[in-house]
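To start, the structure itself, in structure tokens.
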Amino acid sequence: MQIVMTAQPHRPPTPAPAHAERIPGGDGFFQRPSTARILPFATYMAFIALADLLARLGWSDEALRWLYPAKTAAVVGLLWMYRHHYTELAWRTLRWSQAAAAVVVGVVVLVLWVNLDAAWMQVGASAGFNPTNAAGRIDWLLVAIRVAGAALVVPVMEELFWRSFLMRWIEQRQFLNVYPARVGTMAVVVSVILFGVEHNLWFAGIVAGAAYSLLYIKSGNLWSAVLAHATTNGLLGVWVVVTANWTYW
């Protein structure tokens, strides 16, 4: 991501023609623009479901902790495979003002995230991610993988799915032709609510989704939302390790 200072007025990005997103060799499911943005997210969610199933079958926490590195590797592999098709992640200019706004929003979302935890703001209970071993010592390799995954991989994967794809797709099925600034209220509200209920802290999730969506709409640059999301997740990781509030992971 390149950040430069410029006084030029903002112009919405020109959407790539749909055929530019096709993977050479056919028009099947795996060649669709939507699949490139859905599959990494679906894989991530499938690993969460698998971890829950294995826990119910009696797998130990020690064994299940290593599912996160596997999940992260699988998502990275899919993002890399489809990397040439994410036109919204081309190395576009992000102005200093946009970058600063994204970082500030990310910090504010973090503060709200760890405070919007009243009983009615939650659904279910989060098992979290506890990197301590049987001896009670923190496995710093697992911590590093978790922080890197949360701060570097998840923001890209989720913003591609929730903001770039789903929000625009709700507005118009040919989502590549939708400028972020032209997304209607209904598309924003529906995508934000769905993003919220994806999380155990659903109310905090809705607040975060609204903030990231607004950044994307205002800037027309998905990197604004990715940077804010990465700031939130990265600082949350530091806070979790310092306070040992593992359920927030």
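If you go through segment 176-218 and keep only what is crowded, with 20+ Cβ neighbours inside 10 Å and of a type in the set (Val, Ile, Thr), you end up with VAL178, VAL183, VAL188, VAL192, ILE206.
Within the set ALA51, ALA42, ALA16, ALA36, the sole residue that is more than 19 Å from TRP80 (Cα to Cα) and modelled with pLDDT of 90 or more turns out to be ALA51. All conditions but one from (1) more than 18 Å from the chain's Cα centre (by Cα); (2) in a helix (DSSP H, G or I); (3) loosely packed, with under 14 Cβ neighbours inside 10 Å apply to GLY124; the one that does not is (2).
Residues checked against (1) surrounded by fewer than 17 Cβ atoms within 10 Å (Cβ to Cβ); (2) without any contact (Cβ under 8 Å) to a residue 60 or more places away in the chain; (3) of a type outside the set (Phe, Trp, Tyr):
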| residue | (1), (2), (3) |
| --- | --- |
| GLU62 | yes, no, yes |
| PRO69 | yes, no, yes |
| LEU79 | no, no, yes |
| HIS85 | no, no, yes |
| ALA90 | yes, yes, yes |
| VAL109 | no, no, yes |
| LEU116 | no, no, yes |
| PHE129 | no, no, no |
| ALA135 | yes, yes, yes |
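Residues considered: LEU116, LEU79, LEU110. Of these, the only one that is modelled with pLDDT of 95 or more and in contact with a Leu (Cβ under 6 Å, 6 or more places away or on another chain) is LEU110. Listed by first and then second residue, the pairs linking a residue in segment 226-239 that is under 22 Å from VAL192 (Cβ atoms) to a residue that is of a type in the set (Ser, Thr, Tyr), with Cβ atoms under 8 Å apart and 6 or more places separating them unless they lie on different chains, are ALA228/TYR212; HIS229/TYR212; LEU236/TYR248. For segment 129-139, the criterion of being of a type in the set (A, V, I, L, M), more than 19 Å from TYR86 (Cα to Cα) and in a strand (DSSP E or B) is met by at least one residue. Of the residues making up segment 219-240, just one is over 18 Å from the mean Cα position of the chain (by Cα) and either small (Gly, Ala, Ser) or open to solvent by less than 30 Å² (accessible area, probe 1.4 Å) (or both), namely VAL240. The residues in segment 137-146 that are open to solvent by 40 Å² or more (accessible area, probe 1.4 Å) and either touching an Asp or Glu at 6+ places or on another chain (Cβ under 8 Å) or under 15 Å from SER60 (Cβ atoms) (or both) can be counted, and the count is 1.
The values are calculated or read from the model by the stated rules, or taken from the named source; none is laboratory data. These numbers were taken from a predicted model, which means no experiment stands behind them. With ideal geometry, Cβ positions are generated from the backbone for all residues, glycine too; neighbour counts draw on all protein chains shown. Calculation scope for accessible area: heavy atoms of the full protein, side chains included, ligands and nucleic acids excluded. Shrake-Rupley method; radii C 1.70, N 1.55, O 1.52, S 1.80 Å.
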